[in-house]
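The values are calculated or read from the model by the stated rules, or taken from the named source; none is laboratory data. Bear in mind that the values here come from a model prediction, so they are computed numbers and not experimental data. Ideal geometry is used to build each Cβ from the backbone, glycine not excepted, and the neighbour counts take in all protein chains shown.
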Amino acid sequence: MIMVRFKEKFSSVILIFLFLFFMVFEVHSQDEELNPESESSKEELESNISSDKKQNQPEVVKDTAVESEGSESSSNRKADDIDEDKEEAMRSLIPDLTYQKKSGLGTAVSKIYFSDQRFTISGFLEANSVSYRGEKSREGGDLELYYTNLYRSGTYFGYKITDNIIFNSEVQVEYLTDGNREDDVELNVEALVDFLIHPSFNLRVGNFPIPLGYININEEPVMFHSVNRPDVERILIPTQWLEFGGMIFGSIVAGFDYNIAVMQGLNASNYTEGSWIRSGRDFEYNGMQDLAYMGKLEWNGLDDFTLGIGAYIGRSGQGERTADGKKIEGEVSIGVLNMFYKYELLQFTAVLVSGRMTDTEKIFEISGNIMGERVYGGYLDIGLDVLPFLKEPMPFLKSSYGVIVFGRYERLDTHDKIHQDLINVDRSQKDLSIWTFGFNYKPTKEMVFKLNYQRRNNAYKNPNILDDPDRIEVGFGFIY
């Protein structure tokens, strides 16, 4: 079965079409500038040429031919110049990435903020394949957590309404398969508007990523080593995590950036026990019966070093009640530390997460899912670029950008603490230790080929649920 899910409201689609209208208008304007001759001027030119021919009939044919050849040559050169200008104008739609980032956003989506162009197109593409070394569990029904093949394309459209009002949007298409068992096609449309008021105070409204951890604002495949995103940032921080709301952001002092957001809360009725809050994300406006709040402070005062601390708190009941009328608060609180450091050929990425949830016994009443009252997780990823050591024995690598070998250790538990009334009930729990080893080959900075092996061990054993098998993962991706 193939499913198509439109995860944004009609208003976001309207914003996309408005952007496309502005883009077509801008291209048309550039085209007119590159073709200054109007139709009337062309007719006048043709009339003058015809008149000149009549007046010059007595002249020698050879001279006329030479003059005609010269005129045609000049005309051809002019046409070539116009064609080159048109090509240059079209190339300007997709300018090179500067690898600079706007606060709370990823690399590709930030292109518009650092471009001289009025509008830009950017994005990424990835294709992954996973081979499992044993029978796998499909608990929870989230295909992204157990797929065999994934194809994902994200395209960002940025438009400068003015120098201080920036429209940004993404159209993301995913196709996932689980062999011949299951297929899923997803089309996500997202949009936001930034009002750039002052370096220390700016406003963002719309559907935006929650800037907690590392991956959620570094989702492009060239920004992390493994084929799949770390499980800590797929489950405890459910990448990709976007919410509808408003955010203020800016720099307090040099090197310190902040983000403070008010947004719609998660939806407790959709939670699944094996993936904590991941299934509680609402990809459309849900009425905001329950709100959530997020804050983050990040220091990036040194080159290639980032250290951040963030927190999220919000209710997720969204008006749900138990059979006996008790209101479900389902308050979720999350604290996150993240660090990124690159030193010469070495790169370090680390994330620590701690989370809590209330009313888990009430959530069990309405959904049958046993949620963890307390969860935790973290990982350390270390990569080494070995390309400098390979260029001499392997000359064909001299023009490459990087060959990175890496290792990562992850630890997470979705049920570190459980409500006392539910301890003895069978559940799907991820008490995982994961070792990942592999390498990346980057022929250019924008492109990567990935291969890694993952050793997984779930300390919680449930005879009714299949264990997490080891896996081999292969992937390809690029950013533009």
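Points worth noting:
- Residue in the stretch 118-140 that is buried (at least 16 other Cβ atoms within 10 Å of the Cβ), of a type in the set (Phe, Trp, Tyr) and more than 24 Å from His225 (Cβ to Cβ) present: yes
- Subset of the stretch 253-269 (residues that are surrounded by fewer than 22 Cβ atoms within 10 Å (Cβ to Cβ) and more than 23 Å from the chain's Cα centre (by Cα)): Val253, Ala254, Gly255, Phe256, Ser269
- Residue check for Gly206: in the same structural domain as Thr107 (by TED's automatic domain parsing) and surrounded by fewer than 24 Cβ atoms within 10 Å (Cβ to Cβ): yes
- Restricting the stretch 367-393 to residues that are in a loop (DSSP other than H, G, I, E, B) and of a type in the set (Val, Ile, Thr), the residue that is nearest to the chain's Cα centre (by Cα): Val386
- On the stretch given as the stretch 147-160, residues that are over 13 Å from Tyr113 (Cβ atoms) and either crowded, with 16+ Cβ neighbours inside 10 Å or of a type in the set (Phe, Trp, Tyr) (or both) total 8.
- Qualifying residue in the stretch 98-113 (condition: more than 29 Å from Tyr258 (Cα to Cα) and either polar (S, T, N, Q) or at pLDDT 95 or above (or both)): no
- Selection status of Gly274, buried (at least 19 other Cβ atoms within 10 Å of the Cβ), modelled with pLDDT under 95 and not in a strand (DSSP E or B): yes
- Residue in the stretch 408-419 that is of a type in the set (D, E, K, R), outside any strand (DSSP E or B), assigned by TED's automatic domain parsing to the domain that holds Thr360 and touching an Asp or Glu at 6+ places or on another chain (Cβ under 9 Å) present: no
- Subset of the stretch 338-361 [farther than 18 Å from Asp304 by Cβ and in a strand (DSSP E or B)]: Leu352, Val353, Ser354, Gly355, Arg356, Met357
- Only listed residue being part of a helix (DSSP H, G or I), within 30 Å of Leu97 (Cα to Cα), of a type outside the set (Asp, Glu) and assigned by TED's automatic domain parsing to the domain that holds Ile237, chosen from Phe364, Phe437, Phe396: Phe396
- Top-ranked residue in the stretch 173-191 [being crowded, with 19+ Cβ neighbours inside 10 Å and in contact (Cβ under 8 Å) with a residue 40 or more places away in the chain; ranked as farthest from the chain's Cα centre (by Cα)]: Asp184
- Among residues of the stretch 215-249, those that are of a type in the set (D, E, K, R) and not in a loop (DSSP other than H, G, I, E, B), counted: 3
- Qualifying residue in the stretch 419-442 (condition: without any contact (Cβ under 8 Å) to a residue 24 or more places away in the chain, in contact with a strand residue (DSSP E or B) (Cβ under 9 Å, 6 or more places away or on another chain) and of a type in the set (A, V, I, L, M, F, W, C)): no
- Test: residue in the stretch 444-451 that is closer than 30 Å to Ser137 by Cβ, assigned by TED's automatic domain parsing to the domain that holds Thr272, surrounded by fewer than 17 Cβ atoms within 10 Å (Cβ to Cβ) and touching a residue at least 60 places away in the same chain (Cβ under 8 Å): yes
- Selection status of Arg455, loosely packed, with under 15 Cβ neighbours inside 10 Å, in contact with a strand residue (DSSP E or B) (Cβ under 7 Å, 6 or more places away or on another chain), at pLDDT 95 or above and among the basic types (Lys, Arg): yes
- Given (1) in contact with a helix residue (DSSP H, G or I) (Cβ under 9 Å, 6 or more places away or on another chain); (2) surrounded by fewer than 20 Cβ atoms within 10 Å (Cβ to Cβ); (3) outside any strand (DSSP E or B), index of the condition Asp426 fails: (1)
- Cβ-Cβ contacts under 6 Å between residues 6 or more apart (or on different chains), taken from a first residue in the stretch 136-158 that is over 30 Å from Pro463 (Cα atoms) to a second residue that is of a type in the set (A, V, I, L, M) and outside any loop (DSSP other than H, G, I, E, B), are listed as Tyr151/Ala127; Ser153/Leu125; Ser153/Val173; Thr155/Val171; Gly158/Ile112.
- Test: residue in the stretch 352-359 that is without any contact (Cβ under 8 Å) to a residue 40 or more places away in the chain and hydrophobic (A, V, I, L, M, F, W, C): yes
- Restricting attention to the stretch 294-332, the residues that are without any contact (Cβ under 8 Å) to a residue 40 or more places away in the chain, surrounded by 16 or more Cβ atoms within 10 Å (Cβ to Cβ) and outside any strand (DSSP E or B) total 2.
- Count - residues of the stretch 440-465 that are under 23 Å from the mean Cα position of the chain (by Cα) and assigned to a strand (DSSP E or B): 11
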